[in-house]
Amino acid sequence: MEQLFLRNETSAANIPLERILSLEVKDYYLVCHTVCGKDFCCSKPLNEIEGELPPYFIRINRNTIVNLQKVRLVDFKERTIFMNEKLAYQLAVRRMKAIRKAINEYEAFRRDIGE
C-alpha cells in the first residue's frame, strides 16, 4: 500500500494514497484532505509532493492536486471538479487539455483492468 508521509511542527502522518481526496495550498500551508474528513497541514511544497504521487493524482490549478479515484463529478462547462459535498475546485483554463487527457487515460485504464 502506497503512502504519503507528511509532518508539521507537532505531528507526523503516513497517509495511504487511497484515502487522499486532494492536496491544496491554503495560506502558505499544504492541506491534505482525506476521505474520513480529517485534514493534515504541513509546509511541504506542492511541487515536491507532485513528483511523489502516481499518475492518477493530477494538478488542476496552481494550488490543487486531486485524486482521480475520488472525483465525483467534473463539470467542464463550469470548470469545476467536485470531490464530495464539501470539496469543489476550479479547473485552470490553461490546464484543461492536460486534465481532459488525464481523465481519459484514467478511464481507459479502469476499463482495461475491469473496474
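Looking across the stretch 82-105, just one residue is crowded, with 16+ Cβ neighbours inside 10 Å and of a type in the set (D, E, K, R), and that is ARG95.
In this structure, does VAL74 turn out to be surrounded by 14 or more Cβ atoms within 10 Å (Cβ to Cβ) and out of contact with any Gly (no Cβ under 8 Å at 6 or more places or on another chain)?
Details: surrounded by 14 or more Cβ atoms within 10 Å (Cβ to Cβ): yes; out of contact with any Gly (no Cβ under 8 Å at 6 or more places or on another chain): yes.
The answer is yes for VAL74.
So in the stretch 27-45, with the set limited to residues that are touching a residue at least 24 places away in the same chain (Cβ under 8 Å) and in a strand (DSSP E or B), which one is surrounded by the fewest Cβ atoms within 10 Å (Cβ to Cβ)? Within the stretch 27-45, the match that is surrounded by the fewest Cβ atoms within 10 Å (Cβ to Cβ) is CYS41.
Coordinate-derived values only; no laboratory data. Given the structure is predicted, the values throughout are model-derived calculations rather than measurements. Methodologically, a virtual Cβ is constructed for each residue, glycine included, from the backbone with ideal geometry; neighbour enumeration extends over all protein chains shown.
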